[in-house]
Each structure stands twice: as structure tokens, then as C-alpha cells.
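Colleague: I'd like to ask some things about the structure below.
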Amino acid sequence: MTAQLNPRGDVAVLVPAAGAGIRLGPGGPKALRLLDGEPLLVHAVRRVAAAPSVRLIVVAAPSAEIDAVRALLAPIAPVTVVAGGAERQESVATALAAVPDEIEIVLVHDAARALAPPELVESVAAAVRGGSPAVIPVLPVVDTVKQVGRDGIVLATVDRSALRSVQTPQGFRHKVLAAAHAAASDPTSTMTDDAGLVERAGVEVTCVPGSERALKITRPLDLVLAEALLRVP
Ligand code: CTP
Ligand code: MG
């Protein structure tokens, strides 16, 4: 059944989905690869659309797949589809341009984190609504982390207690995200998240608890893990 978005919601969610999925191995664009018979993007959008504060969803699709993505998502939820760029940051900037000024909270969520639950969307949005200009969901780092030189020799052991793994959706006051993207000097930079841009602009970024279900599907084993997660109630 097609989800209805909340016309009185205060949240827009951008879903960059234009990546190739090189690390997943041969196949089509990652967002269109199947998990339990459905494209990752369908899983992601269905969960975002189920979050009660969401008024608008903008997907940045691979430019060759715009019509296919529109057709794919039409039965899931009302979604705006734009053409993504060569780098993730460009895809986000293009999607952001489709958000009207009156929507005050913008979340940026990777299609690759296809199983991030609606509750995570809501908790990030709530933290922004509560006054934080930028919010990221995080998990503690479980591995020991070392800094290593190019020669493969260990330089230092990093204090793990101060480290966090960062997920999406990341949430921002609309104006804060727009200003950070406008100030980003290099639209093709390889910055891997939006909070990084906002940090560079000197804005305080707040952490909220992330979700094990929001794992990023990157390599083939991640698809196996995600398939198993779907069976966990
Ligand atoms: N993304 C995007 N536009 C790009 C590159 C990435 O919209 N030019 C999106 C991806 O579709 C994904 C998210 O950003 O949902 C996170 O990127 P990543 O996990 O790196 O996905 P890919 O770039 O597709 O994978 P890879 O790096 O292995 O090619
Ligand atoms: Mg990538």
C-alpha cells in the first residue's frame, strides 16, 4: 500500500541513492540491488515514509535510472526523484535544492542503510527539533583501532572510548545544512558525510544513539547480514 506522508510534518528526508556500488561487486547501481526480492532503495524509502514527522522525501537517483526509480517508488510513497551527481556530496546538494524553505528540519539518509528503522528517523528529527543544529546517530566502536603508516607499521593505538561509528540519517536545521553545502568549496570533495561539512563550518554536532539495524550495506557480506536482520523481529 502507498504510504501517506504527513502534510503537517516538519521534516524532509534526502536519500542519496546515485552511487554505483563498486564495493558490492558486479551488478547494477547499489540502491537497485535486491534484498529479499526488493531493491535496497524500496526498503529504505518504506522505512523513512513510516516516520510520522516526514513531510517530503527526495531521492537522488542514478541519472540513467530516474524513470525506473520513479516507477519503482510510486507504489511505496510519494517521492520527489532528482538526478544524483558524480560524488555523494553533489547528490545531496541536488536533493537539498528540491526542499522548500518552510520545511525546517532536513535529514540526510543513505539508501545503503536500507534497514534503518522509522524510530531512528524520528529520534534524530526530535533532537534537531529540540534545539540541536546538527545531529548524528552513533554506535560505540567495538574493535581496537590503530593508526598505521603507509609502510604498514603501527604509529599509535587510538583511545577507543572516544571513538564512535557514525550512521545516517543525520539531521540538520535546514538553514545550517544549506549554508554548509553552499560554503563547501569543492562540490566533488570526497567528504563521506554531511555532518563533516557542518563541523567545518564551526557548528556543534550532537550524537544520539544509533541502531544496529542501520548498518551500511557496502560489501557482499553486508547483504547476507541484512537479509538475516530482516528475520529478526
Ligand atoms: N551516493 C550518491 N551519489 C554518489 C555516490 C553515492 O547518491 N555519487 C549514495 C549511494 O547511493 C549510497 C550513499 O550515497 O546510498 C552512500 O554511499 P556508498 O555506501 O559509498 O555507496 P556507493 O557509492 O554506491 O558504493 P561504492 O562506494 O562501493 O561504489
Ligand atoms: Mg561510495
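The values are calculated or read from the model by the stated rules, or taken from the named source; none is laboratory data. None of the values given here were measured: they were computed from a predicted structure. Every residue, glycine as well, gets a Cβ built from its backbone with ideal geometry; the counts of neighbours run over all protein chains shown. In case anyone asks, the SASA skips ligands and DNA or RNA and just uses the protein heavy atoms, side chains included. Shrake-Rupley method; radii C 1.70, N 1.55, O 1.52, S 1.80 Å.
Colleague: Rounded, prolate or oblate: which fits segment 181-233, taking a ≥ b ≥ c as square roots of the Cα gyration tensor eigenvalues, rounded meaning a/c under 1.5, else prolate when a/b beats b/c? Could you put the intermediate results ahead of the total?
Modeller: Numbers: a/c = 5.15, a/b = 1.98, b/c = 2.60.
In terms of gyration-tensor shape, oblate.
Colleague: Run the accessible area of the chain with a 1.4 Å probe and give the carbon-and-sulfur part as a rounded percent.
Modeller: Values: 6430 of 11430 Å².
For the chain, the apolar C and S fraction of the accessible surface comes to 56 percent.
Colleague: Quote the relative contact order of segment 12-117 in percent (integer), defining contacts as alpha-carbon pairs under 8 Å separated by 6+ residues. List each step's numbers first, then the result.
Modeller: Values: 194 pairs, mean separation 43.5, N = 106.
Contact order relative to length: 41 percent.
Colleague: In percent, how large is the relative contact order of the chain, given Cα pairs closer than 8 Å and 6 or more residues apart? Please report the intermediate quantities before stating the final value.
Modeller: Values: 492 pairs, mean separation 53.9, N = 233.
Computed value for the chain: 23 percent relative contact order.
Colleague: Taking just the alpha-carbon atoms of segment 77-164, what radius of gyration and Dmax come out, in angstrom?
Modeller: My reading of the Cα-based Rg and Dmax gives 18.0, 52 Å.
Colleague: For segment 108-233, what does the alpha-carbon gyration tensor say about shape, rounded, prolate or oblate, given a ≥ b ≥ c as the root eigenvalues, a/c under 1.5 as rounded, and a/b over b/c as prolate?
Modeller: Working: a/c = 1.63, a/b = 1.08, b/c = 1.52.
Because a/c hits 1.5 or more and a/b fails to exceed b/c, segment 108-233 counts as oblate.
Colleague: What does the charge count around Gly84 come to, taking other residues whose C-beta lies under 10 Å from its C-beta (Lys +1, Arg +1, Asp -1, Glu -1)?
Modeller: Working: positive: Arg88; negative: Glu65, Glu87, Glu90.
Computed value for this residue: -2.
Colleague: Let me have the relative contact order for segment 168-233, percent, based on Cα pairs under 8 Å that are six or more residues apart. It would help to have the intermediate numbers written out before the result.
Modeller: On the way: 22 pairs, mean separation 15.8, N = 66.
The value is 24 percent.
Colleague: With a 1.4 Å probe and every protein chain left in place, tell me how much accessible area Arg70 has, in Å² to the nearest 10.
Modeller: 120 Å²
Colleague: Taking only the alpha carbons of segment 1-60, what extent do you get along each of the three principal axes, in Å, biggest first?
Modeller: 42, 21, 12
Colleague: Would you check the accessible area of Leu230, probe 1.4 Å, heavy atoms only, in square angstrom rounded to 10?
Modeller: We get 50 Å² for Leu230.
Colleague: I've got another one for you. Go ahead and estimate [θ] at 222 nm for the chain from helices alone: -39,500 (n - 2.57) per DSSP H run with n ≥ 4, summed, over the residue count, rounded to 500.
Modeller: About -8500 deg cm²/dmol.
Colleague: Another one. What do you get for trypsin sites (Lys or Arg not before Pro) in segment 1-43 restricted to DSSP loop and a cutoff of at most 14 other Cβ within 10 Å of the site's Cβ? The partial results should precede the final answer.
Modeller: Details: sites: Arg8, Arg23, Lys30, Arg33; in loops: Arg8, Arg33.
For trypsin sites (Lys or Arg not before Pro) across segment 1-43 that sit outside H, G, I, E and B with at most 14 neighbouring Cβ atoms in 10 Å, the list reads Arg8.
Colleague: GNM, the chain, Cα, under 10 Å: largest mean-square fluctuation among Pro62, Pro26, Pro117?
Modeller: Highest fluctuation among the options: Pro26.
Colleague: Roughly what % of DSSP beta bridges within the chain run antiparallel, to the nearest 5? Walk me through the numbers on the way to the answer.
Modeller: Details: 14 of 32 bridges.
Taking every DSSP beta bridge with both residues in the chain, the antiparallel ones total about 45 percent.
Colleague: State the Cα centre-to-centre distance between segment 2-16 and segment 183-233 in whole Å.
Modeller: Distance between centres, Cα-based: 20 Å.
Colleague: Output the Kirkwood hydrodynamic radius of segment 1-154, Cα pairs only, in Å rounded to one decimal. Please report the intermediate quantities before stating the final value.
Modeller: Numbers: mean 1/r = 0.0607 Å⁻¹.
Value: 16.5 Å, from the Cα pair sum.
Colleague: Let me ask you something else. Heads up, I need the accessible area for Glu87: 1.4 angstrom probe, whole protein in place, Å², nearest 10.
Modeller: Approximately 70 Å² of Glu87 is accessible to the 1.4 Å probe.
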